[in-house]
1. At 222 nm, what helix-only mean residue ellipticity would the chain give, in deg cm²/dmol to the nearest 500, using -39500 (n - 2.57) for each DSSP H run of four or more?
2. Could you tell me what percent of the DSSP beta bridges with both partners in the chain are antiparallel, to the nearest 5?
3. Using a/c under 1.5 as the rounded threshold, could you call the range 168-237 rounded, prolate or oblate? The axes a ≥ b ≥ c are square roots of the C-alpha gyration tensor eigenvalues, and prolate needs a/b larger than b/c, oblate otherwise.
4. State, to one decimal in nm², a quarter of the convex hull surface area for the C-alpha atoms of the chain, i.e. the direction-averaged projected area.
5. For Arg50 and His19, calculate 0.36 nm times their separation in residues minus their Cα-Cα distance, and state this gained length in nm to one decimal.
6. So between Asp144 and Val62, what do we pick up on full extension, going 0.36 nm a residue minus the alpha carbon distance?
7. Based on Cβ point charges of +1 for Lys and Arg and -1 for Asp and Glu, what charge dipole magnitude is obtained for the chain about its Cα centre, in debye rounded to the nearest 20?
8. What FRET efficiency, computed as 1/(1 + (r/R0)^6) with R0 = 45 Å and r the Cβ-Cβ distance, is obtained for Ala88 and Glu245, rounded to the nearest 0.05?
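A short reminder: the numbers here are calculations on the coordinates, not readings from a lab. No experiment lies behind these values; they were computed from the predicted model shown. Because the Cβ atoms are built from the backbone with ideal geometry, glycine has one as well, and the counts that use them run over all protein chains shown.
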Amino acid sequence: MRIAIVAESFLPLMNGVTHSILRVLEHLEDRGDDVLVIAPSTLDGESPDRVKGAEIHRLPAVPLAGYTNVRVAMGGVYRVKRILADYAPDVVHLASPFVLGWRAAQAAHQLGIPTVAIYQTEVPSYAARYGVPFLENWAWNRVDNIHLLATRTLVPSTFALNQLRGRGIPRVEMWRRGVDTARFSPEKRDDGWRAAVAPGGERIIGYVGRLAVEKQVEDLAALAGVPNTKLVIVGDGPQRAALEEALPAAVFTGFLGGGELARAVASFDLFVHPGEFETFCQTIQEAMASGVPVVATGRGGPLDLVENSRTGWLYEPGDLSGMRARVLDLMGDDAKRRAFAAAAHSSVQDRTWPALCSELVRHYHSVISGEPVVALGPRPPGSLAGPAGLGRGWEQ
């Protein structure tokens with residue numbers, strides 16, 4: 001196939017969108033497909049012409065205000081339409097579309113090229129967190145228009161599936177995310193690394209992710225004073241200075257990638273994720289693959305990933321005392337924490353990227369051939385979750 005991937009963000013910026021695209025590119029390269037990636041230009045203007053076999057076409061871009069490493073592509077629909085017309089792909093993959101992806105959705109529609117849109121970022125809900133709640137309705141209208149135009153929309157979680165179907169978006173199906181179980185493994189646990197960040201022998205509570213407003217990392221202040229623990233924050237972003245002030249006892253490692261990240265995650269005793277706007281949350285899967293139990297907010301992607309009282313705990317969004325209680329429960333009981341860790345590790349072993357990417361390719365073939373999506377309404381509340389909407393086992 002000839003596949004055009006339109007990336008709202010891409011290298012050198014590493015986030016969940018970029019990570020997924022890279023895994024897809026690896027798979028398509030192994031298959032021998034021709035791939036073009038259309039993405040915003042980089043900050044320094046220098047970037048490789050090819051990544052994992054794919055040609056990279058950069059569009060002029062400007063930095064997002066207050067978040068300089070995030071680039072927003074400039075230009076109109078015609079420019080993207082011209083690129084797609086010249087390349088003549090069989091299918092267009094819209095990766096977390098919002099600005100550039102909206103132009104590409106229109107361009108592909110005008111050219112009669114089928115599109116697969118990946119709903120991966122709950123952009124409208126960021127509005128209130130960034131102090132502009134009046135933009136939320138506008139942002140939802142943009143999201144609706146993109147996915148109404150797409151040939152097929154793929155979502156990573158039950159929450160996202162219900163969210164879009166509840167908004168009347170048709171042709172929506174599930175496509176989860178894989179995890180590299182060779183890279184993220186309990187075998188990567190490193191006592192030397194643990195001693196470096198927790199020289200007093202404390203148990204390590206870890207967080208991995210961007211240090212940005214929407215991640216709500218400041219909520220981890222509720223864990224101050226949990227006995228015999230050290231909070232370790234892995235990641236970087238515009239909120240780092242403010243978070244270092246708000247969490248003075250925490251260790252901030254900065255951004256870690258590759259083997260360094262795998263070693264850090266496997267060396268945690270517990271992974272905590274407080275963000276409420278995750279459509280999936282890849283870092284939770286990576287923690288579980290590393291044999292680390294999870295405490296996470298009971299909204300969005302974590303609902304599908306964390307099984308209460310087996311692989312971790314979910315708490316009601318905003319209930320920081322509940323988060324602290326769940327952390328105390330696991331940090332104060334070594335046997336329970338080890339049992340949760342083993343269950344977490346086992347639960348993700350079949351979620352490989354090759355299997356998930358093969359599923360994505362089947363979606364490509366399906367939209368190219370014009371196969372319809374079975375139209376289903378939103379699932380009723382509680383059909384896949386407990387009475388509080390917090391996943392299986394909440395009643396325990």
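1. When only DSSP H runs of four or more count, the value is -11000 deg cm²/dmol.
2. Percent antiparallel among DSSP bridges in the chain is about 15.
3. oblate
4. 18.6
5. Extra length from Arg50 to His19 when fully extended: 9.5 nm.
6. Fully extending the segment from Asp144 to Val62 adds 27.0 nm.
7. Dipole about the Cα centre, nearest 20: 540 debye.
8. Once the sixth-power term is evaluated, E becomes 0.30.
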